[in-house]
1. What does the extension gain come out to for A74 and R173, with contour length at 0.36 nm per residue minus their alpha carbon separation?
2. Mind checking region 135-200 for GluC sites (Glu not before Pro) that DSSP puts in a loop (not H, G, I, E or B) and that have at most 15 other Cβ atoms within 10 Å?
3. How long are the three semi-axes of the equivalent ellipsoid for region 115-251, computed from the Cα gyration tensor as the root of 5 times each eigenvalue, in whole Å, largest first?
4. To the nearest 500 deg cm²/dmol, what mean residue ellipticity at 222 nm is calculated for the chain from DSSP H runs of n ≥ 4 alone, each contributing -39,500 (n - 2.57), summed and divided by the residues?
5. How far apart, in nm, are the 7 Å Cα→Cβ label points at D12 and R279?
6. Rounded to whole Hz and in sequence order, give me ³J(HN,Hα) for region 156-169 from the Karplus expression 6.51 cos²θ - 1.76 cosθ + 1.60, θ = phi - 60°, writing x for Gly and Pro.
7. Could you give each residue of region 145-153 its phi-based ³J(HN,Hα) in whole Hz, using Karplus coefficients 6.51, -1.76, 1.60 with θ = phi - 60°, and x for Gly or Pro?
8. Percent relative contact order of the chain, based on C-alpha pairs within less than 8 angstrom and at least six residues apart?
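None of the figures in this text is laboratory data; all of them are computed from the coordinates on show. Just so you know, these numbers come straight off a predicted model, no measurement behind them. Quick reminder, even Gly has a Cβ in these numbers, built from the backbone with ideal geometry, and neighbours come from all protein chains shown.
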Amino acid sequence: MTPNAASEESDDALTIALAQLQIEAGAVEANVDRALEAVERAADRGVDLVALPELFNVGYFAFDLYTRHAEPIAGETFTRLGDAAAEHDIAVLAGSIVEDLAATETVDTPADEGLANTSVLFDADGTRRLVYRKHHLFGYESAESELLVPGERLETATIGGVTVGVTTCYDLRFPELYRELVDDGVELVLVPSAWPYPRIEHWQTLSRARAIENQCYVATINGTGAFDDATLLGRSTVYDPWGVSLASSGDGPALVTATVEPSTVADVRAAFPALRDRRL
């Protein structure tokens, strides 16, 4: 199979939408409303799974607002999105919010207190299938590493016949994390992000590399909008296991859709079995 080879859509194909949202610092109600509207629009298009950006409710660069707007896993934001998933019969990656670890009671936490950058994947019936807390915390000109506790869990979930994993933004720079997901059978990695200008080449190259080296789909979901010290660059993209961009956006609000097929992952790994040659 070659990168440009066409194939008929398989029965277990998954149509995904990347909701590149306009995010306003601290405007939690308006930001969540935009997220809920995106879920509804994706469902109306017949999408199976819709994914949201990193810290879509408070805004990644609104560091001084993290504590004020932190919530437990069972808090209002995730509850509303889980309910929306069930209402519209669509899986939702609610990725991510600032989690109040001390207030979370329904899921094991990496610490008894503190904050985490946390995503939840809901199935189409609203069932929570996966929790991911960002492992690698950004320190370069960012308060994230000072404010947050790094995650420890790395899970996968099967959505519509596709094995899905989640990482977050800066995690793209640490390929060993993706190797762990491959060992767990991942076929699609969703990457909610808040990637700013000017590092466009890093955003595109790292995402494509993770898809190529792991021979899986990688879908990067960025936000859009300007903060005091940064502007998000958008460009949410779905890469196939050859590293080919299937669909992408510019730097404004968008709903990016593409189809993911497990058979394509299997075909690519069979045609070019690089993963079988791993020594580490």
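1. Numbers: separation 99, 0.36 × 99 = 35.64 nm, distance 3.02 nm.
Here the segment from A74 to R173 would lengthen by 32.6 nm.
2. E141, E152, E155
3. Over the Cα atoms of region 115-251, the semi-axes work out to 22, 19, 14 Å.
4. Numbers: 7 runs with 72 residues, N = 280.
The helix contribution divided over the chain gives -7500 deg cm²/dmol.
5. Between D12 and R279, the label points sit 3.3 nm apart.
6. Per residue, the Karplus-derived 3J(HN,Hα) values read 10, 9, 9, 10, x, x, 10, 7, 10, x, 9, 10, 9, 6 Hz.
7. Whole-Hz 3J(HN,Hα) from phi for region 145-153: 5, 7, 8, 10, 9, x, x, 10, 7.
8. 20
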